[in-house]
Each structure stands twice: as C-alpha cells, then as structure tokens.
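Got a structure here, written out as structure tokens. Questions coming.
The values are calculated or read from the model by the stated rules, or taken from the named source; none is laboratory data. Computed from a prediction, not measured in an experiment: that's the story for all the values here. Backbone-built Cβ (ideal geometry, glycine too); neighbour counts: all protein chains shown.
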Amino acid sequence: MSIPPGTRITKAADAAQENYLQDKLALSGMHCAACIQLIEFRVRQIPGILTFVINPATHRADVQWDAAQTGLSQIIQAIVQLGYGALPANQSPDEVERQQNKLAIWRIFVAGFAMMQVMMYAFPAYLVPVPTADGDLTPDLDKLLKLASMVLAIPVVGFSALPFFQSAWRDIKNRHIGMDVPVSLGILLTFFASVWATYTGGAVYFDSAIMFVFLLLGARWIEQKVQKRTGAALKILTRLQPLIAQVLPDFPRQRQVQEKDAAQLMEGEIVLVVPGAQIPADGIVVEGCSECDESLMTGESQAIPKAVGDTVIAGAVNMSGSLVVRATQVGQQTRLASLIGMMERAAAEKPAIVLLADRHASRFLLIIMLIAIVAGMAWASIDPSRALWIAISVIVVTCPCALSLATPGVMAAAIGLMAQHGLLVKSGKAIQGMAQATHFVFDKTGTLTAGRMQVAACRDLTSSVLARQLGFRLASESAHPVSKAIANYLSGWQGQGADLKLQNVREVAGAGIEAELDGVIFRLGQPVYATQALPLPFILPVELIGKSVTVLADRDQVHLIFLLDDVMRDDAPQLVQSLQKNGKQVMLLSGDAEEAVQKLAASCGIADARARMSPLDKHNVVKSLQAKGARVVMVGDGMNDGPVLSIADVSIAMGQGAAISQTRSDLLLMSNRLSDLMFGLGVAEKAFRLIRENLMWAIVYNLIAIPAAVAGWLEPWHAALGMSLSSLLVVLNALRLYLLPRPAFPLTVE
C-alpha cells in the first residue's frame, strides 16, 4: 500500500500548524545492511527531511519532508546518485523488477556456463601441478589451458560480476565500505593475478574467481526469492487496498454513479458497493443489507451481516446485496490504512540484539580489510607465492552480511504469519518482548470473557421514564462492553431520549460516565462512583453484593441498578494452561466484583486473581513486577486498561476494545481468538530463536573462517564457497518459521 504522492499531514506539535508531505518509495539495488545505512544517512542529510526509514523486508521507505525546503524529486535524485533505484511506491516497479530478474538470470547463466568449462580446463593442472616437457601436461598445453580459462573468465568478470563492481565503486565514491567492496577486490585481484601468472608462470585461479561470482550471484538470487516469500505474508493486508470507488454525488435524488480513485474520496461522500466489490472507505450503511467478508481484517471467518446503521471497514468484500455507504474515514485515515502502516513500521524495526550487529557492519568490513593486508604482508616474508592468494582468501571468506541479512526475513515472516491469524504487530520490539516474557497479565471483561456483557436484571427504584432515557444516552457515549450492554438493554427508549440536551459529558477510566442535564449531574458506573454525591452512603441490596453491578444516580437518589453477566471465552482455559506449561506466570487484574473475578479465575486455573482494581492499582502491580525483574505482557481492552498497557513490556489489545487501549498497544488481536494469541507467542519465540541462531552462526563462522584463511588453510575457491553458503544458510533458516503448527482456524491466503 502506498501513500498517494503529496499527501498532506499536519504536525500537531507545531504551533503554526505547518503542512508537511509524506510518501512511500520503492527502492532497488540494495543487498545488505550497509546499503540501507548508506541510503538512510545520505537522505537524512537533505535539508527539510523529517523522517526517512527503510523497511529491509519490503525494500520500501517511509519519507516525510518539509515541502518548503525540498521535494520528492530531490529525494529520489539523491538516492539515484548513490547508485540505487527509487520510485514512488504507487508507480508499480513490476516491469523494472522483471527486467532486473531476467538480467540476473542471464548473469548467473554466463557465470555457470563458464564455471563448468573452466573447471574442465583446470582439472589437469590439479592432477599434475608441475607441468613437464615430456609429461602428459606439457608447458605449452598448460599455457593453452590457462589462456582458454582466461578467455572464459573475461565475460564473467566484465558482465556477470558487473553489479558487484558498480556497487563497490558507488560505496567508494561515498566514502563508505559496503559488502561489495571486499567482494569486488577479491574478484579483481584473483583475476588479474591469474592473468599475470598465465604469462609469467605459476598457479592460476580463474576457476576460483568464476566459482565465487557464480555462487554469490546464485546465493543473492535465492535470497531475493526467500525475501519475497517472507515478504508476501507481510503484504497480506496490502492487496486489500481498494482502488476504485463508485460515488453517488446526488444521492438520494439520483443514482448516477461516478467512478473515482478510492484514495481521493472525501469524508461524507456516498458510495455504492455492489456485490463482489471492496468497500473503499470506513463508513456507515445508509441503504441496503448484505454480508461482508472482513476475514483478512478481523480474522472472523464467517461473513458478517450488514444493515442500515451498521459500520463497514475499508477493504472488506461485499458478499451479496448492494450497499450504499456514507464514508466516515477515507484515505490514510481508514482502519485498513493505519493497520498496514503500523505493520510496515513494525517490520522495519529490529530486536535490540540485532541493532548492535548492524551498527558495526561497516567497521567489521574495515577490520577485515586490515587483517587481509597484514596477513598478505606476513606471508610475503614466509612464502611470497602464497601471500596474494591468502590475502584474497581472507577478503572473500568473511561474511558480515550474515550478521544482519536474515533478520529482516525472519521479522517479515513472523509479522506476516501473525497477521494471517488476526494478530497484528504494531511494534517490532514486541517480537523479542513476547519471546522473553515471564508474566502474562490479563484483564477480565472483553479479554478472558467474550466482552458481550448482558444485563441479567434491572431494578428501577424511581419508575422514571427520564431515567431510562438518560441511561440509554449515557451508555451510548461509551465504548466499554458494560455500557454497550446497558445501551442494548435500554434501546427501546432510544427515540424518546433523542431530544435530551446533555452537557459536559465525561468518561472516567475504570469508574463510569457522567453528564449534566438541566444543571443536575447524572452518573452511570460503579456504585461507589455513581453514588458519591448522595447525602448518605448507598448500600447495595444483600443479594447483589459481590456481583457485577452498575448504577445510574444523581445527587439525590439512585434511579437504576443493573446486574450484569459475562461469558468466558471458550479458549480462555486452554490459553492459560498453555502459558503455564511454557513457564509463564499468569495473573488476572480486574475492576469487576470479587465473586465474578474469582469465579472466572477458578474456571481458567489462575491462582493470582485480583478484583476491584482501579487503573492506578493495575499500573502499580505491573510496576512492582517489573521492579523485581519480570518482563510483563499485558492483555486488555477497554479504556481503563490504557495506563497499564502503556507501561507493560509488551501490550496486547483486543480487536473489539476501546480505541485508547489499541493506540497504546504493541499488538492488536483483531481476531479476538485467544488461540491466535498462543500461536503468536509461538511465532515470536521461534523467530527470536532463529535470529539468535543466525547471529551465532555468523559469529562462529567468521571466528573459524578468518583464522583459517590467515593460516593459509583455505584456497580462494574454498573461501568463495564458504562465504556464499554462509549467507544463504541464514536466509533459508528464516523459512523454518513456516513449519510451526497452525491453530485450528487459520486465515487462508491465496
């Protein structure tokens, strides 16, 4: 999904409310972490650049700039001058990618064909290392084979290896050492040293140079395919982005349809959504009834009925009847766009243990160059004939790109897999945080319970029609599950209370909601909160003590008492048991009544369950756990979970929860299935394990390979093979994520 060029955004912190621009760029030509570092460093130096972040998995960049100081063309030009490709993301680079892929295959073919021929020419020299005048391999025949090998090596060096030289020259011009600098040095030194030996005598290594080019080209081609495989899952929501909207400009007088770019829709416009079409914006149904498939957004496998007054989300597919929808959120304000944006940002983030490796990638390359020079000088005094080849082997065998190459692939695969199962990652730190978590803290209502609260009974103490009307209006002002249940129960009084003019409506987290009517303050919420203005303390009836009760009261009396009940989610006990088997500590912190909390805790097997917890109480409990060294994952929904979600090491909000809990969370459980949360934990743990394995392998490989090359135990072709296989191994390792067993109801992606 791309932001349309020239999309204007407002920087809220700017008192002058200056307008800035933002866009997404599709980049090409990047091969390693050093490439990303170079581009980001150069672009951020351009005056007026506010943010510039590259997603290594998708090769896309988010850029935000001040239009008064620079423009998109200058940004793209700066990237092109570095030797990379850049296009606005909405200008599909598919044709360019196809041409580049075709050229890459030709380069591999030329190198592979030459490698097979040169190996045949080199084989006799390996059998008879010292040609003799009367032997099977005479000096003349030996020179002829060397000349033939040199002729075959020329197109490999001049054509197949050209991308390495171009990248190395670009890095040198920008005073930056990337992975292709030592690669190019290794190829050129091997080739020209072999040319010299062809005419002056001595061993040649045309076969090693060609094999190195072939293996590296093949490894990079496979790496690109693997990255596309892992990135495909990350793009699961991107392909939902609607392109065309059918606008009804004169609805309801006329039904003449005008096609319009969905990105250009305006808030309040009326659109027609025919069966089989995507809904172009978040909105409200004003006419028609149908069913919508929202599975890729919410994880709900069943089509959801839609009628007049129901909300619809951009990207959902209309399954049956036509719908007329009034757009309420358009463009980048839609729920779909915000979710895509947060996933792309999360994929660009890296766990803390990886940042150190990336930060020192260029320094590592510089150290390797120095080691190669020192090794060559040392061997020049020991065995001058081997000095150059050993220096080349040191340069070729190192693999700094393995330190960070596979991390984007693992992150993209993990985030994509979670998205397929309705768990959307907003922050990259959540992967490492979940993997290292020691405590899982749950809210009750809407989290371990279905959140579909129902009013089991209502006591009307004043028989006031106004009280029921006011109760409906107050409950309708809140997104909390309890308020929704009361609003649904009192929905019959909806029309009669429409003319009530409420003032100073205010919701208090974890307590309730209040409003002023004709100078009198009415409160709907927990008994203590709602009745605190009464002249005498309010005493609940004995049979309601310890249960979930909500009260409507003013400063004089209590009008309504609601007894509410909730249903435990079917998969809640299984989730708790699975977490406990994995060694996690599980806690339940709820603002609900003691009896309801303990009943749910007993059903789920939670030993530490605490009731009547205010938002501050929850905040303090989590703070206390963290002070003791615990890594806390907080799962909640509702407004009262906002403060504790903001301080947890990893915060997870339910998809149907209040907006404030979602904005303060690192992950969104859009499917509302707790089994998907357990799957997400498995993905996070394995992803973090794979990242650590990749880093460990890269470190161990270099610790073994570099001393071996310095000691002269490796020929250049050994080094070429080791370097290529090392890079390829860590990339292929990311695919092991797909071997995880899936939950019972995975979200299918074609």
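Applying the selection to segment 487-508, what residues are at pLDDT 80 or above and either of a type in the set (Gly, Ala, Ser) or touching a Cys at 6+ places or on another chain (Cβ under 9 Å) (or both)?
487, 489, 490, 491, listed by residue number.
Let me ask another. Looking at segment 534-546, is at least one residue among the small types (Gly, Ala, Ser) and either in the same structural domain as residue 637 (by TED's automatic domain parsing) or touching a strand residue (DSSP E or B) at 6+ places or on another chain (Cβ under 6 Å) (or both)?
no
Quick check on my filter: what residues within segment 307-332 are assigned to a strand (DSSP E or B) and closer than 19 Å to residue 671 by Cβ?
Within segment 307-332, the first condition is being assigned to a strand (DSSP E or B), and the residues that meet it are 311-312, 317-318, 323-329.
Listed by number, the residues that qualify are 311, 312, 317.
This table checks each residue for (1) surrounded by 20 or more Cβ atoms within 10 Å (Cβ to Cβ); (2) closer than 28 Å to residue 458 by Cβ; (3) in contact with a Cys (Cβ under 8 Å, 6 or more places away or on another chain).
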position	(1), (2), (3)
552	yes, yes, no
567	no, yes, no
571	no, no, no
579	yes, no, no
582	no, no, no
591	yes, yes, no
596	yes, yes, no
606	yes, no, no
617	no, no, no
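Quick check on residue 412: is it over 21 Å from residue 212 (Cβ atoms), modelled with pLDDT of 70 or more and in a helix (DSSP H, G or I)?
Values: over 21 Å from residue 212 (Cβ atoms): yes; modelled with pLDDT of 70 or more: yes; in a helix (DSSP H, G or I): yes.
So residue 412 fits the description; yes.
Against the definition (at pLDDT 75 or above, touching a Pro at 6+ places or on another chain (Cβ under 7 Å) and surrounded by 17 or more Cβ atoms within 10 Å (Cβ to Cβ)), how does residue 110 come out, yes or no? Break it down stepwise before answering.
Values: at pLDDT 75 or above: yes; touching a Pro at 6+ places or on another chain (Cβ under 7 Å): yes; surrounded by 17 or more Cβ atoms within 10 Å (Cβ to Cβ): yes.
It is true that residue 110 is at pLDDT 75 or above, touching a Pro at 6+ places or on another chain (Cβ under 7 Å) and surrounded by 17 or more Cβ atoms within 10 Å (Cβ to Cβ).
Just one of (1) at pLDDT below 80; (2) in a helix (DSSP H, G or I) trips up residue 350, so point out which.
(2)
Can you confirm whether segment 312-320 contains a residue that is at pLDDT 80 or above and surrounded by fewer than 16 Cβ atoms within 10 Å (Cβ to Cβ)?
Yes, because at least one residue in segment 312-320 is at pLDDT 80 or above and surrounded by fewer than 16 Cβ atoms within 10 Å (Cβ to Cβ).
Right, next: If only one of 658, 719, 705 is at pLDDT 80 or above and either under 21 Å from the mean Cα position of the chain (by Cα) or not acidic (Asp, Glu) (or both), which one is it?
705
Here's a follow-up. Search segment 594-616 for residues that are modelled with pLDDT of 90 or more and pair each with any residue that is of a type in the set (Ser, Thr, Tyr) and surrounded by 14 or more Cβ atoms within 10 Å (Cβ to Cβ) when their beta-carbon atoms are under 8 Å apart and the residues are at least 6 apart or on different chains.
Listed pairs, sorted by first residue: 609/590; 610/590.
Oh, and also: Among the numbered criteria (1) more than 30 Å from residue 23 (Cβ to Cβ); (2) at pLDDT below 90, which single criterion is violated by residue 69?
Unmet condition: (1).
Please determine, by comparing only the residues of segment 428-477 that are of a type in the set (S, T, N, Q) and touching a strand residue (DSSP E or B) at 6+ places or on another chain (Cβ under 8 Å), which one is surrounded by the most Cβ atoms within 10 Å (Cβ to Cβ). Reasoning before the result, please.
First, the residues of segment 428-477 that are of a type in the set (S, T, N, Q): 432, 436, 438, 445, 447, 449, 454, 462-464, 469, 476.
Cutting the leftovers down to touching a strand residue (DSSP E or B) at 6+ places or on another chain (Cβ under 8 Å) gives us 438, 447, 449, 454, 462, 464.
Details: 438: 15, 447: 29, 449: 21, 454: 15, 462: 15, 464: 15.
The selected residue is 447.
Checking the structure you have, find out if any residue of segment 216-233 is modelled with pLDDT of 80 or more, assigned to a helix (DSSP H, G or I) and surrounded by 21 or more Cβ atoms within 10 Å (Cβ to Cβ).
Yes; the residues of segment 216-233 include at least one that is modelled with pLDDT of 80 or more, assigned to a helix (DSSP H, G or I) and surrounded by 21 or more Cβ atoms within 10 Å (Cβ to Cβ).
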